[in-house]
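K.L.:
Quick one: the structure is below, and I'll ask about it shortly.
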Amino acid sequence: MFDSGVGGLTVLKALIAALPDEQFIYLGDTARLPYGTKSRETVARYSVQAAEALADYGVKCLVVACNTASAVGLPGIREHIENVPVIGVVEPGAEAACATSVSGHIAVIATEGTVRGGAYQEAIIGKRSDARVTACPAALLVSLAEEGLCDGPIAEGIAHHYLDPIFSRQGERVSKPIAGRHLGIPDTLVLGCTHFPMLAGAIRKVVGPAVRIVDSAETTAHTVRATLAKTKEQGGVPARRASVRFLATDSVERFVRIGSRFLDRPIAPEEVELVDL
């Protein structure tokens, strides 16, 4: 699996919980982050390079643990990587949102690149034609997650900045799952960036208890587990005891410091290998 940095470690955490007997290789392209502010062509090129580097390890499944790379890079990756399932985080998140929403009005917060590319909007409408999607870039939430400011007044204040225009109308909020229909308020929120699960508590306080929150990390883990189960039935490689190998393209120290928070367990410097794409 790969991401532009450490955000994808929230996906890795979910995958380890869902697949405790698998072996994982995580590549963080920390030399070229963030992907979310770069052009589609650049992100597509970086994504193929990261995927090809991981394919050299003989992987049986490739997870694109980055919403921006999933939004624009999957076609190119699938052209270059054959005979291996390639799973992004956008499709599982969109599918879960469509299944979860009662009213069909779904909000998405993500990076600028993911929102601008329209991947979630297209995926949601493609799965549920009656859906209405409100998408908002929320770049400052990425910085908060990396700084470890995941709860408290600062995190909640920034969450209010992005979410109040979506979930509050004339001072009213959704108090029941379908109560927001007449106000035009979404009943479901997709966390469309792998950093955002780190701020789930602050986000929940802002949107209230009635809004359904879809974590693309959790939904991706379920999709990967189902895909591997199908592969094993068809004679795939048997699983062995769980292990994780970390690769980074820059600054092992920063990867260790910030990544330990995202993975919710210490990462030792000797666990991280510096690589060049």
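The values are calculated or read from the model by the stated rules, or taken from the named source; none is laboratory data. Predicted model only: the values in this text are computed from it and were never measured. Please note: Cβ atoms are built from the backbone with ideal geometry, for glycine as well, and neighbour counts cover all protein chains shown.
K.L.:
Among the candidates Asp29, Asp3, single out the residue that is within 13 Å of the chain's Cα centre (by Cα) and within 26 Å of Leu140 (Cβ to Cβ). Write out each step before concluding.
P.N.:
Numbers: Asp29 fails: within 13 Å of the chain's Cα centre (by Cα).
That would be Asp3, the only listed residue that is within 13 Å of the chain's Cα centre (by Cα) and within 26 Å of Leu140 (Cβ to Cβ).
K.L.:
Test of understanding: among Ile87, Ile106, which residue is farther than 15 Å from Ser70 by Cβ, at pLDDT 95 or above and not in a helix (DSSP H, G or I)? Steps first, please.
P.N.:
Numbers: Ile87 fails: farther than 15 Å from Ser70 by Cβ.
So the residue among Ile87, Ile106 that is farther than 15 Å from Ser70 by Cβ, at pLDDT 95 or above and not in a helix (DSSP H, G or I) is Ile106.
K.L.:
Step by step: first the residues of segment 164-194, then only those that are surrounded by fewer than 23 Cβ atoms within 10 Å (Cβ to Cβ), of a type in the set (A, V, I, L, M) and not in a loop (DSSP other than H, G, I, E, B), then the one that is modelled with the highest pLDDT. Which residue is that?
P.N.:
Filtering segment 164-194 for residues that are surrounded by fewer than 23 Cβ atoms within 10 Å (Cβ to Cβ), of a type in the set (A, V, I, L, M) and not in a loop (DSSP other than H, G, I, E, B), the one modelled with the highest pLDDT comes out as Ile166.
Yes/no matrix, rows are residues, columns are (1) in contact (Cβ under 8 Å) with a residue 12 or more places away in the chain; (2) under 19 Å from Glu273 (Cβ atoms); (3) in contact with a Gly (Cβ under 8 Å, 6 or more places away or on another chain):
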{"position": "Phe24", "(1), (2), (3)": "yes, yes, no"}
{"position": "Gly28", "(1), (2), (3)": "yes, yes, yes"}
{"position": "Leu54", "(1), (2), (3)": "yes, yes, no"}
{"position": "Asn67", "(1), (2), (3)": "yes, no, yes"}
{"position": "Val72", "(1), (2), (3)": "yes, no, yes"}
{"position": "Arg78", "(1), (2), (3)": "no, no, no"}
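K.L.:
When segment 195-227 is examined, which residues are found to be in contact with a strand residue (DSSP E or B) (Cβ under 8 Å, 6 or more places away or on another chain), over 20 Å from Thr68 (Cα atoms) and part of a helix (DSSP H, G or I)?
P.N.:
Ile203, Arg204, Val207, Thr227
K.L.:
Here's a follow-up. Of everything in segment 57-78, what is closer than 19 Å to Tyr35 by Cβ and surrounded by fewer than 20 Cβ atoms within 10 Å (Cβ to Cβ)? Give them in sequence order. Lay out the reasoning, then the answer.
P.N.:
Our first condition is that a residue be closer than 19 Å to Tyr35 by Cβ; within segment 57-78, this holds for 62-78.
The answer is Pro75, Gly76, Arg78.
K.L.:
Is it true that Ala135 is assigned to a helix (DSSP H, G or I), surrounded by fewer than 24 Cβ atoms within 10 Å (Cβ to Cβ) and modelled with pLDDT of 95 or more? Show your work before the answer.
P.N.:
Details: assigned to a helix (DSSP H, G or I): no; surrounded by fewer than 24 Cβ atoms within 10 Å (Cβ to Cβ): yes; modelled with pLDDT of 95 or more: yes.
Criteria not met by Ala135.
K.L.:
Starting from residues that are among the polar types (S, T, N, Q) and farther than 23 Å from Lys13 by Cα, keep the ones in segment 23-56 and report whichever is surrounded by the fewest Cβ atoms within 10 Å (Cβ to Cβ).
P.N.:
First, pick out the residues of segment 23-56 that are among the polar types (S, T, N, Q): 23, 30, 37, 39, 42, 47, 49.
Checking the rest, the ones that are also farther than 23 Å from Lys13 by Cα come to 37, 39, 42, 49.
Numbers: Thr37: 13, Ser39: 10, Thr42: 14, Gln49: 16.
Top of the filtered list is Ser39.
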